[in-house]
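Step one of this worksheet: look at the structure below.
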Amino acid sequence: MYIVIKKFKTEDVEKSIENARNSFLLVVSKMAGFVSYNVLKTEEEMIVSVLKFNSKAEADASTETSSQWVKQNGFDALYQLQEIFSGEVVVEG
């Protein structure tokens, strides 16, 4: 398993959550190797997405898909990527 974690600054947290729930989830859940997608709202009013895939290649493809989704939907100003982390799951419970 492989996970990609992205932290975003956003102009509108609630709109970002709505977009994740009603649009991006529908796109990413159809991707090869998809396992799960979670969105966290931080105390600092930032958004953190956690994507889990079966392999690194599939997780890498999701990063490209998310970039395209942001651009195609005109969300460039809404989502400002602050940090990205990725890696192989080595312990799961």
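A few notes on this one:
- Residue match in the range 51-65 (condition: without any contact (Cβ under 8 Å) to a residue 60 or more places away in the chain and at positive phi): no
- The range 7-24, residues that are open to solvent by less than 60 Å² (accessible area, probe 1.4 Å) and farther than 14 Å from residue 46 by Cβ: 19, 23, 24
- Residue 16 being within 22 Å of residue 1 (Cβ to Cβ) and touching a strand residue (DSSP E or B) at 6+ places or on another chain (Cβ under 8 Å): no
- Here residue 31 passes the criteria (1) in contact (Cβ under 8 Å) with a residue 24 or more places away in the chain; (2) in contact with a Lys or Arg (Cβ under 8 Å, 6 or more places away or on another chain); (3) over 15 Å from residue 7 (Cβ atoms) except the one numbered (2).
- First in the range 78-93 and on the phi < 0 side of the Ramachandran plot, second anywhere and open to solvent by 70 Å² or more (accessible area, probe 1.4 Å), Cβ under 6 Å, 6 or more apart: 78/11; 80/9; 82/9; 89/1
- Qualifying position, being in contact with a Phe, Trp or Tyr (Cβ under 7 Å, 6 or more places away or on another chain) and basic (Lys, Arg), among 71, 56: 56
- Exactly one residue among 4, 48, 35, 27 is at pLDDT 95 or above and open to solvent by 30 Å² or more (accessible area, probe 1.4 Å), and that residue is 35.
The values are calculated or read from the model by the stated rules, or taken from the named source; none is laboratory data. Note that the structure is predicted; figures quoted are calculated from it, not measured. Counting neighbours? That spans all protein chains shown, and the Cβs are built from the backbone with ideal geometry, glycine included. Heads up: the accessible areas ignore ligands, DNA and RNA and are worked out on the full protein's heavy atoms, side chains in. Shrake-Rupley method; radii C 1.70, N 1.55, O 1.52, S 1.80 Å.
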